[in-house]
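See structure below.
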Amino acid sequence: MSAEKPYRLPTTATPDRYELRLTPDLTTWTFTGEERVAVRVHEPVREIILNAAELELHAVSFKTADGKVLPGRVSLDSENERAILSFAEAVPAGGGELEIHFTGILNDKLHGFYRSTYKGADGQDKPLASTQFESTDARRAFPCWDEPAFKAVFQVILVVDQKLTAISNARVVSETALPATHKKAVVFADTMKMSTYLVAFIVGEFEATEPVMVGKAPLRVCAVPGKKHLTPFAIAIGKASLEHFSAYYGIPYPGDKLDLIAIPDFASGAMENLGAITFRETALLVDAARATRTELERVADVVSHENAHMWFGDLVTMKWWNGLWLNEAFATFMEMLAVDAWKPEWRRWDSFTVSRAAAMQVDGLKSTRPIEFPVERPEEAAGMFDILTYEKGASVLRMLEQYLGDEAFRDGIRLYLRRHAYANAETTDLWDALEESTKEPVRALMDTWIFQAGYPLITVAKEPRGLRLTQQMFRYLQDGSDPERKWHVPIFLRVGTKTGVIEKTILLADREQTVELGDPVDWAVVNAGGHGFHRVRYGADLFDSLKRGLQVRLSAVERFSLVNDTWASTLAGLTSLTDYLSLIDLLSDENDVNVWTTVIGSGHHLERILDDPQCATLEKRLRALLGPAVARFGWTPRQGESDLESQLRGDLINALGTLGDDKACQEKARELFALYEKSPDAVERNLIPALIAIVAHTGTAADYDKFYARFKNAQTPQEETRFLFALANFRLPELIDRTLDLTINGEVRTQNSPYLMRGILLNKPARVKAWAFMKAHWEEMLRQYPDNAIPRMCEGIVGLATAELEADVRDFFARHPVKQGTKQMEQHLERLHVAVICRERWRDLLRS
Ligand SMILES: [Zn+2]
């Protein structure tokens, strides 16, 4: 096996328990380490092979069960990130202990064992070290069996400066001063049996909150000094979600303590290391009194998501990276459940509709992929952390849960977790558990969603006493591929007839099915509740009857689906742009924030595609739509309004001032921004992002300087990102140049620069400059930015929506392939192509 797949480890020797002692040096950015691994040798071997990368291994020996010490020789296979330990004498079968001494570097790429810096209260740069091991970077910190199926117990010992705090997965057992070196040895308890990618160690000047007990485990939030006042919100949702999951899963939290730790430099959003979850600061630290609802929701989401992983992912882990969706789709689904239970007024499942729609956007491309996808080489796992794994995965789980019933579904999940605790599982194990507990053919249904790419478009037509439903694959580009592809589609129907409203759930497994309802149909909502992962295309008469009853026959989520599906079919050329615009014209009295999100999103999309005079016509139409809505909501909060209403007011004003380019709105926004600068609490907090966006949209050099200073001196992580990312939206050429420069001159953390660059690419007046800049500095960006951010940054190319730019983009990426995101890159390019086709198609429309 090792000859055929040199990137996979042999199973002749496997680890049971690691004892790991690490001494990081935060001045030279290096570390030394030694490990003793209790190993089981399954047959006599002359070689033990494990993973190592960017490490030097100095001394290796193997102590057999009867105490004999066999010295080993090391050869490194850097291409496959392996260390081959050879022994002159065969290592006998049975137990033994492998001892390795090694050294490594604290890198600046935000993976493995890495360095981070922040400004202390004295204005000086302070160092810290943290880890990020998923998917395959534990091997940069210590030699190990770095595949998820090699679960083991870990005991970590960190030797650090006496004034520093050391955190790892388990509680501290002892701290011993080492006077000769001014250091201390911090010994942590044994972890449960778990995968290497979940190991963590963090060293720096951290402050921790007072522990709050959740069951038997203390929960704390840790951050660099001076940020304790930004922790109460995270503690509240942290405790609530852990309690929610303990009850839902029917299993107590599996660790012995839990620290939620904010790291100033962090490549992704957060990482579910057992007992020591790491976050980027914006995803954990927040001023609950001043942050917007969406900023708070983000913290609640990410904390819940990571906490859900303590069971789904940490306790039960996928066997190999092709099963990543088992971890991520579930954590995303559970995150919604917990946040929805904690703050029902946020209607979290309603706003999840927006995420579902974003997944459907990617999944409607030819270049999509199935949720579960073969992963051969471990580095291919990096490409799996995408919207299809997370959001499509969570959507199809929600669909299944609604189809089976929430209690039946939960019972199946409990069975699955109990059965595979402290071990690994595959997708098929989940279906076994759900089938056993529900007696429903879950596997046949779900295989069509997990192993097939794409999703169906359900066409609905009236029959004399019922409806006819037909499924076919939805694609933005009609290429006639795979016309036979079918799904088992749970369809939730609500139908109005002369005798009343009928609710019915059916499973559409064939190409076509007639649903008998006993009465002629007056109107019908297919995908009632919005849980189905499909689009709907109504016959003209059914569509008209829904348009006539938008606010009475459809719930907010259903209106969202109607608008979103119509927009998608407009992009696909199945509906005319005129028909789409006449549908959204009916929405001026709409009060749902998510419906407006899809309307405003389509406006931004059109603005990027169209040029004047169509763009000017579009702006005028948007002003006619948004103006009355803004007038209806006013600029100041009404007594007792909900957070969602406040958010919607902000979104509407934002869109009117930027997309609609409304002068009066811009003036008013500038006035209020001046007030906000003087007294931050004088302006309703959910309005602030709109004010910032509008000032940037119309911004001068003086505004730019102000924003830049606010970014540099921000008081909260949210304020920092608000002003930083707003710099991407200035439109004057010299200001665009300044922002471009910021992406590589070291002033912006590399965790943020790629997203700043994406923002500039999506800013229409900046896009040509931005694209030229990106091409010119491509190698530099690859060197500086974390690997996982490159394909995400490149999403900005979807804004380069002219035929000439598209040709140049294709040419560039043909010569500079992005290896860590081949699929995502194909998807960005196809989205760009769809936009360019629409540009051609709509060339003669909208001429005022
Ligand atoms: Zn996750």
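The values are calculated or read from the model by the stated rules, or taken from the named source; none is laboratory data. Remember, it's a predicted structure, so these values are computed and weren't measured experimentally. Ideal geometry is used to build each Cβ from the backbone, glycine not excepted, and the neighbour counts take in all protein chains shown. Ligands, DNA and RNA are stripped out before the accessible areas are found, and what is left, the full protein with its side chains, is counted by its heavy atoms. Shrake-Rupley method; radii C 1.70, N 1.55, O 1.52, S 1.80 Å.
At what distance in angstrom do the alpha carbon centres of the range 286-352 and the range 1-55 lie from each other?
A separation of 33 Å, based on Cα centres.
Would you grab the residues whose amide H sits under 5 Å from the one on VAL489? Only those 5+ places off in sequence or on another chain, please, with H modelled 1.01 Å from N.
LEU508, ALA509
Which loop GluC sites (Glu not before Pro) in the range 1-59, with loop taken from DSSP, have no more than 12 other Cβ atoms within 10 angstrom of their Cβ?
GLU4
Check each of the GluC sites (Glu not before Pro) in the range 483-553 and keep only those in coil by DSSP with at most 11 other C-beta atoms within 10 angstrom; list them in order.
Here the GluC sites (Glu not before Pro) that fit, given the DSSP loop and packing criteria, are GLU484.
Looking only at the chain, where both bridge partners belong to it, what percent of the DSSP beta bridges are antiparallel (to the nearest 5)?
80 percent
Taking a 1.4 Å probe, which of HIS182, HIS605, HIS309 shows the most accessible area, and what order do the others take after it?
Sorted by accessible area, descending: HIS182, HIS605, HIS309.
With +1 on each Lys and Arg Cβ and -1 on each Asp and Glu Cβ, and nothing else charged, work out how big the dipole of the chain is about its Cα centre, in Debye to the nearest 20.
Once rounded to the nearest 20, the dipole reads 820 debye.
With a 1.4 Å probe and all protein chains left in place, how much of the accessible area of the range 123-192 comes from carbon and sulfur atoms, in whole percent?
Percent of accessible area from carbon and sulfur atoms in the range 123-192: 52.
When the Karplus curve 6.51 cos²θ - 1.76 cosθ + 1.60 is applied with θ = phi - 60°, which whole-Hz ³J(HN,Hα) does each residue of the range 121-134 get, with x for Gly and Pro?
3J(HN,Hα) across the range 121-134, in whole Hz: 4, 7, x, 8, 5, 10, x, 8, 10, 9, 10, 8, 9, 6.
Quick one: how many Å² of VAL501 are accessible to a 1.4 Å probe, rounded to 10?
We get 90 Å² for VAL501.
So what does ARG841 come to for accessible area, using a 1.4 Å probe and Å² rounded to 10?
So the heavy atoms of ARG841 present about 100 Å² to solvent.
With the crude spin-label approximation of a point 7 Å out along Cα→Cβ, what separation in nm comes out for ARG485 versus ASP25?
Here the answer is 5.5 nm between the modelled labels.
From the alpha carbon gyration tensor of the range 230-328, can you work out the equivalent ellipsoid semi-axes (sqrt of 5 times each eigenvalue) and give them in Å, largest to smallest?
Result for the range 230-328: semi-axes of 23, 16, 12 Å.
Restrict the search to the range 182-250; then list the GluC sites (Glu not before Pro) that DSSP places in a loop and that have at most 10 other Cβ atoms within 10 Å of their Cβ.
Answer in residue order: no site qualifies.
Ranked from highest to lowest mean number of other Cβ atoms within 10 Å per residue, what is the order of the peptides 576-584, 735-743?
735-743, 576-584
With every protein chain kept in the model, how would you rank THR231, THR23 by accessible area, 1.4 Å probe, largest at the top?
If we order THR231, THR23 from most to least accessible, we get THR23, THR231.
Give me the percent of the accessible area of the range 345-463 that comes from carbon and sulfur atoms, probe 1.4 Å, all protein chains in place.
C and S atoms contribute 49 percent here.
Summing +1 for each Lys or Arg and -1 for each Asp or Glu, what net charge is found among the other residues whose Cβ lies under 12 Å from the Cβ of ILE502?
Residues close to ILE502 contribute a combined charge of 0.
When ranked by the protection proxy of mean other Cβ atoms within 10 Å per residue, highest first, what sequence do the peptides 398-404, 124-130 form?
Per-residue Cβ counts within 10 Å, averaged per peptide and sorted highest first, yield 398-404, 124-130.
Please report the carbon-and-sulfur percent of the accessible area for the range 541-591; probe 1.4 Å, protein heavy atoms only, DNA, RNA and ligands left out.
Carbon with sulfur: 48 percent of the solvent-accessible area.
With only Lys, Arg, Asp and Glu charged, each at its Cβ (+1 for the first two, -1 for the last two), find how big the charge dipole of the range 236-291 is about the Cα centre; round to the nearest 20 debye.
About 120 debye.
Sorted by accessible area with a 1.4 angstrom probe, largest first, how do GLU684, GLU335, GLU210 fall?
These residues rank, largest area first, as GLU210, GLU684, GLU335.
Can you give me the solvent accessible area of GLU175 with a 1.4 Å probe, rounded to the nearest 10 Å²?
Roll a 1.4 Å probe over it and GLU175 shows about 110 Å².
Accessible area per residue for the chain in Å², computed with a 1.4 Å probe and the full protein assembly in place, what is it?
37 Å²
Under the classification rounded if a/c is under 1.5, otherwise prolate if a/b is larger than b/c and oblate if not, where does the chain fall, given a ≥ b ≥ c as square roots of the Cα gyration tensor eigenvalues?
Prolate, since a/c reaches 1.5 and a/b exceeds b/c.
For the range 76-89, take each phi angle, set θ = phi - 60°, evaluate the Karplus expression 6.51 cos²θ - 1.76 cosθ + 1.60, and give the result in whole Hz per residue in order, putting x for glycine and proline.
9, 10, 5, 4, 9, 6, 10, 10, 9, 9, 10, 10, 5, 10
So for the range 356-494, taking the charge dipole from beta-carbon charges (+1 Lys/Arg, -1 Asp/Glu), which of THR389, PRO483, ASN424 sits furthest toward the positive end?
The Cα lying farthest towards the positive end belongs to PRO483.
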